[in-house]
Amino acid sequence: PPRLQQLNFLRFLAAAMVGVFHCAFIFSPDSPYLDFLSMGSDGVYVFFVISGFIIPWSLDQSHYSIEHWGVFMIKRFRRLFPSFVFSLLCYWIGWWWLHPDHAWESIQLLMSNIFFLVPFGVGEWVNEIYWTLWVELQFYLLVGLIFPVLIHLFPSRSSGIILLLNMLSFGSLLLPVEIEKNFILFHLPYFTMGFIA
């Protein structure tokens, strides 16, 4: 919709920030530019805020109800999965080509990424940025289930539920540091900023 076109600039900005962050490898570890470039990783959180706004907004515009949850998730998978699986397959083919004697290991790595088993201690991310797709998927699951409840409540009650969910984000502190960023609780305040907007 035309009134949301300004979000494209935010998306561009977030993508540029992430791109800059991933260019940091060209500098030496003691470069004074690394601190500046490392801020580019915050672009991921801009994407989370945008998702927190645009997904509930589009659900509201389409008069979403819980009966539409399956269709909603299929649409989200269609948007998320093709490029994700394609990039995984490209990596897997290249890895298998370079290490043909480790074919089974490469298949295990591929499967642990496709089925998002890495956050549960199975394998490792083929590309470190894939954790963001897993977090987005968790957000889709959550918002698809709670949005119909929030939209039909008085603002004070829906605000109370949102506050409660954000209080649950402290539960991420119970997770090991190396995996806490793989789960929605850790990032829920960013999605909530978009939702409130």
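The values are calculated or read from the model by the stated rules, or taken from the named source; none is laboratory data. Owing to the predicted nature of the structure, the values given are computational and were not obtained by experimental measurement. Cβ placement follows ideal geometry from the backbone for every residue including glycine, while neighbour counts extend to all protein chains displayed. For accessibility, only protein heavy atoms count, side chains too; no ligands or nucleic acids. Shrake-Rupley method; radii C 1.70, N 1.55, O 1.52, S 1.80 Å.
Values for this structure:
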| read-out | value |
| --- | --- |
| Pairs where the first residue, in segment 1-27, is under 14 Å from Val46 (Cα atoms) and the second is modelled with pLDDT of 70 or more and assigned to a loop (DSSP other than H, G, I, E, B), C-beta under 8 Å, 6+ apart | Val18/Ile129 |
| Which numbered condition Pro148 fails, given (1) modelled with pLDDT under 90; (2) closer than 18 Å to Phe48 by Cβ; (3) in a helix (DSSP H, G or I) | (2) |
| Residue among Glu178, Glu105 that alone is open to solvent by 60 Å² or more (accessible area, probe 1.4 Å) and touching a His at 6+ places or on another chain (Cβ under 9 Å) | Glu105 |
| Of all residues making up segment 175-189, the number that are at pLDDT 80 or above and in a helix (DSSP H, G or I) | 7 |
| Contacts under 7 angstrom Cβ, first residue in segment 68-90 being of a type in the set (Asp, Glu), partner outside any helix (DSSP H, G or I), 6 or more apart | none |
| Verdict on Phe195 being of a type in the set (Phe, Trp, Tyr) and touching a residue at least 24 places away in the same chain (Cβ under 8 Å) | yes |
| Selection within segment 106-124 - over 14 Å from Glu180 (Cα atoms), assigned to a helix (DSSP H, G or I) and of a type outside the set (Gly, Ala, Ser) | Ile107, Gln108, Leu109, Leu110, Met111, Asn113, Ile114 |
| Residue satisfying all of: in segment 9-49; charged (D, E, K, R) and either buried (at least 18 other Cβ atoms within 10 Å of the Cβ) or closer than 27 Å to Ile184 by Cα (or both); modelled with the highest pLDDT among these | Arg11 |
| Candidate set: segment 119-148, residues that are β-branched (Val, Ile, Thr) and over 20 Å from Met193 (Cβ atoms); chosen: the one surrounded by the most Cβ atoms within 10 Å (Cβ to Cβ) | Val126 |
| Residues within segment 157-173 that are open to solvent by 90 Å² or more (accessible area, probe 1.4 Å) and either over 22 Å from Thr132 (Cβ atoms) or not aliphatic (A, V, I, L, M) (or both), tallied | 5 |
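Residue-by-condition table, conditions (1) in a helix (DSSP H, G or I); (2) modelled with pLDDT under 85:
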{"residue": "Ile54", "(1), (2)": "yes, no"}
{"residue": "His63", "(1), (2)": "no, no"}
{"residue": "His68", "(1), (2)": "yes, no"}
{"residue": "Arg78", "(1), (2)": "yes, no"}
{"residue": "Ile93", "(1), (2)": "yes, yes"}
